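Take a look at the structure set out below.
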Amino acid sequence: MAIKREHWGSQIGFILAASGSAVGLGNIWKFPYVAGSNGGAAFVFIYIACIVLIGLPIILAEMVLGRKTQRNVVGAYRSLEKPTHSFIHYHRHFPNKEHPSQPYFPWFLAGGLGVISGFIILSFYSVVAGWTLAYIIEAASGTFTQFLDVDEAGAYFGEFVSKPVMPLLYHGLFMLASLGIVIKGIQNGIEKWNKILMPALFTILVLLLIRGLTLPGAQEGIAFFLKPDFSVVTWKTVLAALGQAFFTLSLGMGALITYGSYLSKKENIPHAAFMVVLFDTLVALVAGLAIFTAVFAMKLSPSAGPGLVFHTLPAVFNQMAGGYFFGILFFVLLFIAALTSSVSLLETIVAYFVDEKKWTRGKAVLLVGGIIFLTGIPASLSFGSLAGFKIALGKNYFDLLDHVVSNYFLPLGGLLIALFVGWSWGIKNAVAEIKNGNKNFPTANIWGFMIRYICPLAVAVILFAKFLGIDF
Ligand code: PFF
């Protein structure tokens, strides 16, 4: 007996959940330091171009694929895959013309890549998310008041993450919070919590921005962030911006196919896609502004790298008026952002087991969550006892996972989605599906052109550059 698929309770519920997926550690932890170490404003401009030219078209493609098929990422491909003459010569592979419906390009493998990517991302994402939980407690218990400078804050952080037990405990707690939401399903779990958490996130962000902008010396931070100096732009900058665009929009692993699969036919997909991109970009920009105004006001370096948020900011909070309060708020913000993203990662995997393997939601959530907790253990220990243990490419477990998935799997997943929608399922079919909830789709031709040509080409360039070893 087929179980009826659950749907979002409202369009706004879907938009908030998809924005919750997009807005995450990528926006608040990663974006500021990547921008900071890639030249500031010039990077920001290129990043926005990538978001609009590549991110927006692919988001729309993922959502429409999900809604059309009402399936998880593997099922979505599987239910639409058909022989496509444009790729491999069909007749050479399947000379028996009696079976023209036999798929010869295994698109479902692209879906499998998405599920695997979700597993891997969540296992290290949850470790960093655990740190945010720990830092809410550190901020609230007044730890930051010990930090006279960034070095002290950095040493404290280094010691915390290198311990074997506490970071694992927080990783476990964070996973439990994610499981608790996903186990409740779409409307009572994911939608309900995003409707509470996302407005809270926007409110905290605005408070932090106001604090940042009103600090003496904030102008320098604003200038660093908004006045581009294109002379510092290199090929590496462009590539870093493209990679960041993928990660931040949750693209390339089917999270938005999965969320899209809970949409009913009446929803307006282009509007939702546009809103998600808008929110995600605004949050990254506002977080960047809030952070850089504070960093410059305290005369600290903007290019501190991955430690920017955990080393530099605690020292900043210690020096600023109201720092105790804003320190707590900041880490609550980071925690909320991480939680709503990790929920989407978990749901993408859970939906696969529920749809394809017919597991109950409870079984899928508990088993997948448990395995991810376990695979996260070496990721956490990568900052302690396993730090010197290089698995491959000169990287430890944590760095290797992040490197391989963010740099190869997500772009490859995005490339395959664009090719599938553009060339196999077809733009005509996709546009017809989009028009179900949105009679006018005036930019259909432009979108089709982007999905067929521009997106695959641009993403292929990222992958190609990486294989050539241009590092970013
Ligand atoms: N977009 C999230 C962030 O910016 O932190 C990360 C992410 C979530 C990536 C969900 C992929 C995904 F499916």
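General observations
- Test set (1) assigned to a helix (DSSP H, G or I); (2) away from the ligand (no atom under 16 Å from the Cβ) - residue 264 fails condition number: (1)
- Among the residues listed as 26, 9, 20, 36, the single one being surrounded by fewer than 24 Cβ atoms within 10 Å (Cβ to Cβ), assigned to a helix (DSSP H, G or I) and either more than 15 Å from the ligand (Cβ to nearest atom) or within 16 Å of the chain's Cα centre (by Cα) (or both): 36
- Within the stretch 240-250, the presence of at least one residue that is modelled with pLDDT of 90 or more, of a type in the set (Gly, Ala, Ser) and surrounded by 19 or more Cβ atoms within 10 Å (Cβ to Cβ) is confirmed.
- Subset of the stretch 437-456 (residues that are outside any loop (DSSP other than H, G, I, E, B), out of contact with any Leu (no Cβ under 9 Å at 6 or more places or on another chain) and of a type outside the set (A, V, I, L, M)): 445, 448, 449, 453
- Residue 285, sole failed condition from (1) within 14 Å of the ligand (Cβ to nearest atom); (2) farther than 15 Å from residue 225 by Cβ: (2)
- Residue within the stretch 322-334 that is surrounded by fewer than 23 Cβ atoms within 10 Å (Cβ to Cβ), of a type outside the set (Ser, Thr, Tyr), without any contact (Cβ under 8 Å) to a residue 12 or more places away in the chain and more than 16 Å from the ligand (Cβ to nearest atom) present: yes
- Taken together, the criteria exclude residue 222 from residues that are β-branched (Val, Ile, Thr) and either within 16 Å of the ligand (Cβ to nearest atom) or within 18 Å of the chain's Cα centre (by Cα) (or both).
Every residue, every condition in (1) farther than 24 Å from residue 239 by Cβ; (2) free of Cβ contacts under 8 Å to residues at least 12 places away in the same chain, yes or no:
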| site | (1), (2) |
| --- | --- |
| 398 | no, no |
| 404 | no, no |
| 409 | no, no |
| 419 | no, no |
| 433 | yes, no |
| 439 | yes, yes |
| 448 | yes, no |
| 452 | no, no |
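- Spans of helices (runs of 4 or more DSSP H) in the stretch 163-258 with at least 1 residues more than 30 Å from residue 301 (Cβ to Cβ) and free of Cβ contacts under 8 Å to residues at least 60 places away in the same chain: 166-182, 192-213
- Odd one out for residue 392, checked against (1) without any contact (Cβ under 8 Å) to a residue 24 or more places away in the chain; (2) hydrophobic (A, V, I, L, M, F, W, C); (3) under 19 Å from residue 111 (Cα atoms): (3)
So that you can scan it fast, the table gives a plain yes or no per residue for (1) away from the ligand (no atom under 16 Å from the Cβ); (2) surrounded by fewer than 24 Cβ atoms within 10 Å (Cβ to Cβ):
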site: 259; (1), (2): no, no
site: 296; (1), (2): yes, yes
site: 299; (1), (2): yes, yes
site: 317; (1), (2): yes, no
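- Among the residues making up the stretch 253-267, a single one is hydroxyl-bearing (Ser, Thr, Tyr) and either in contact with a strand residue (DSSP E or B) (Cβ under 6 Å, 6 or more places away or on another chain) or farther than 15 Å from residue 355 by Cβ (or both): 264.
- Verdict on residue 337 being touching a Phe, Trp or Tyr at 6+ places or on another chain (Cβ under 9 Å) and either more than 15 Å from the ligand (Cβ to nearest atom) or of a type in the set (A, V, I, L, M) (or both): yes
- Residue among 290, 273 that alone is touching a helix residue (DSSP H, G or I) at 6+ places or on another chain (Cβ under 6 Å), closer than 30 Å to residue 420 by Cβ and either surrounded by 15 or more Cβ atoms within 10 Å (Cβ to Cβ) or touching a residue at least 40 places away in the same chain (Cβ under 8 Å) (or both): 273
- Scanning the stretch 116-132 for residues that are farther than 19 Å from residue 165 by Cα and either more than 14 Å from the chain's Cα centre (by Cα) or not in a helix (DSSP H, G or I) (or both) returns a single hit, 116.
The values are calculated or read from the model by the stated rules, or taken from the named source; none is laboratory data. Keep in mind that what you see is a predicted model, and the values were worked out from it rather than measured. Every residue, glycine among them, receives a Cβ derived from its backbone with ideal geometry; neighbour counts consider all protein chains shown.
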